[in-house]
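J.: Got a structure for you, questions after.
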Amino acid sequence: MNVKELLEEGAGPELVSRLFHIERYAWMALSYDMAVALDMDGCILATNAAWQRSTGLWPEALRGQYLLEFMDFEDRERVLAAFQSLITSDAASTTFDFRFRCDQGLFKRFNWNVLFFPDTEIFYCIVKDLSNVHDLHHAAYHDTLTGLPNRLFLKDALPKLVGGALELRHVLGLFFIDLDGFKAVNDTLGHQAGDILLQTVAERLRRCATRPENCVRLGGDEFVLMETWPCDAFEPERLADEIIAAVNLPVCIDGRDARVGASIGIALAPGAASTPSELMALADKAMYSAKRSGKNRYVLAQGAGEAACPLGLESLDANG
């Protein structure tokens, strides 16, 4: 982005600033590795969600902090000289590594690829964890923004869970969750606020699950949570109420409370479905029924020609 050309074409400072914000956001959101933007003083302007995975520190905890505070003391002089060289020389980028202070004071060695943009006086950095090289399997099976398992994980895990429920005579509940009002948050507070909201909701959903790895982000504002119970102790309605209550809690973003709801479709195996595709289809259909009947509620799917709830549990319509 050329600032001089934009200004010569009549763009005002506010528009230029907005364009830079969008550009920076898109760059971070698309990076699986840790990404961070720093100002000339080394203050952290923004990071992506990958930092939480490697350091235990959430993006909100890093924003506004100075990178110097996280450097091992013995590495500081060398690293600061490397940053300074980008400002005073013709080089556009540089690479170095140093020990970074993570959560609970643990230091890890990170490799930094740094680009400096004179127009904006911002350092853009892609950072790799050298102490624990990224697991390609983890990258393929997890969502970059929230850290939750993704659609590919669900495709592999769901047949095993369905098969296990059949073999052990357990009940598997699949909860298809779509957020109500998420678009309004994006439209009024911006996409970065939307991402913060998604990260917060993802963590709340993960805590609702007995096995956190069975909470999946399908994409956008759609999630799936899977829960297995013994045949004499399954409570899909109780869990649905917990999910709705957790999602309904406000999320404070830049001093403003953002609120969303949850429309949930529930399908049970083996009572309503016996295959993963049937289970997903029924839960998806039930979720849309919850949307049509008023949103922020749940609907339990009925299998074709059979009771949706094995062992005599009465069918639920919609819960307000």
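J.: Kindly check whether there is at least one residue in the range 40-51 that is part of a strand (DSSP E or B), within 21 Å of G147 (Cβ to Cβ) and polar (S, T, N, Q).
T.: yes
J.: If the Cβ limit is 7 Å and pairs must be 6+ apart or interchain, which residue in the range 153-166 that is touching a residue at least 40 places away in the same chain (Cβ under 8 Å) pairs with which residue that is assigned to a helix (DSSP H, G or I)?
T.: Listed pairs, sorted by first residue: F153/Y141; L158/P276; P159/P276; V162/P276; V162/L279.
J.: Now, a different point. When you look at G194, is it touching a Lys or Arg at 6+ places or on another chain (Cβ under 9 Å) and either in a helix (DSSP H, G or I) or surrounded by fewer than 20 Cβ atoms within 10 Å (Cβ to Cβ) (or both), yes or no? Step through it out loud before you land on a result.
T.: Values: touching a Lys or Arg at 6+ places or on another chain (Cβ under 9 Å): yes; either in a helix (DSSP H, G or I) or surrounded by fewer than 20 Cβ atoms within 10 Å (Cβ to Cβ) (or both): yes.
For G194, the condition - touching a Lys or Arg at 6+ places or on another chain (Cβ under 9 Å) and either in a helix (DSSP H, G or I) or surrounded by fewer than 20 Cβ atoms within 10 Å (Cβ to Cβ) (or both) - is met.
J.: Find the residue count for the range 237-265, including only residues that are modelled with pLDDT of 90 or more and outside any helix (DSSP H, G or I).
T.: Count: 12.
J.: Pick out the one residue from V162, V185 that is open to solvent by less than 40 Å² (accessible area, probe 1.4 Å) and either in a loop (DSSP other than H, G, I, E, B) or under 22 Å from D143 (Cα atoms) (or both).
T.: Working: V162 fails: either in a loop (DSSP other than H, G, I, E, B) or under 22 Å from D143 (Cα atoms) (or both).
None of the others qualify; the one that does is V185.
J.: Residues F176, F234: which one is in contact with a strand residue (DSSP E or B) (Cβ under 8 Å, 6 or more places away or on another chain) and assigned to a strand (DSSP E or B)? Break it down stepwise before answering.
T.: Details: F234 fails: assigned to a strand (DSSP E or B).
Just one listed residue meets the conditions, F176.
J.: Any residue that is over 26 Å from the mean Cα position of the chain (by Cα) and at pLDDT 90 or above - is there at least one of those in the range 94-115?
T.: yes
J.: What is the number of the single condition among (1) open to solvent by 10 Å² or more (accessible area, probe 1.4 Å); (2) closer than 22 Å to L154 by Cα; (3) out of contact with any Gly (no Cβ under 7 Å at 6 or more places or on another chain) that E227 does not meet?
T.: Every listed condition holds for E227 apart from (3).
J.: Here's something else I'd like to know. Could you grab me the full set of residues in the range 197-224 that are part of a helix (DSSP H, G or I), open to solvent by 30 Å² or more (accessible area, probe 1.4 Å) and without any contact (Cβ under 8 Å) to a residue 60 or more places away in the chain?
T.: Once the filter is applied, which keeps residues that are part of a helix (DSSP H, G or I), open to solvent by 30 Å² or more (accessible area, probe 1.4 Å) and without any contact (Cβ under 8 Å) to a residue 60 or more places away in the chain, the range 197-224 yields T200, E203, R204, R206, R207, P212.
J.: Mind checking which residues of the range 36-56 are open to solvent by less than 30 Å² (accessible area, probe 1.4 Å) and either charged (D, E, K, R) or in contact with a Phe, Trp or Tyr (Cβ under 6 Å, 6 or more places away or on another chain) (or both)?
T.: A37, L38, G42, C43
J.: Could you pull out the residue among T94, T120 that is part of a loop (DSSP other than H, G, I, E, B) and either open to solvent by less than 40 Å² (accessible area, probe 1.4 Å) or in contact (Cβ under 8 Å) with a residue 24 or more places away in the chain (or both)?
T.: T120
The values are calculated or read from the model by the stated rules, or taken from the named source; none is laboratory data. These numbers come from a predicted model, not from an experiment. Neighbour counts are summed over all protein chains in view; Cβ atoms, including those assigned to glycine, are modelled from backbone coordinates with ideal geometry. For the accessible areas, the whole protein counts, side chains as well, though only heavy atoms, and no ligand, DNA or RNA atoms are used. Shrake-Rupley method; radii C 1.70, N 1.55, O 1.52, S 1.80 Å.
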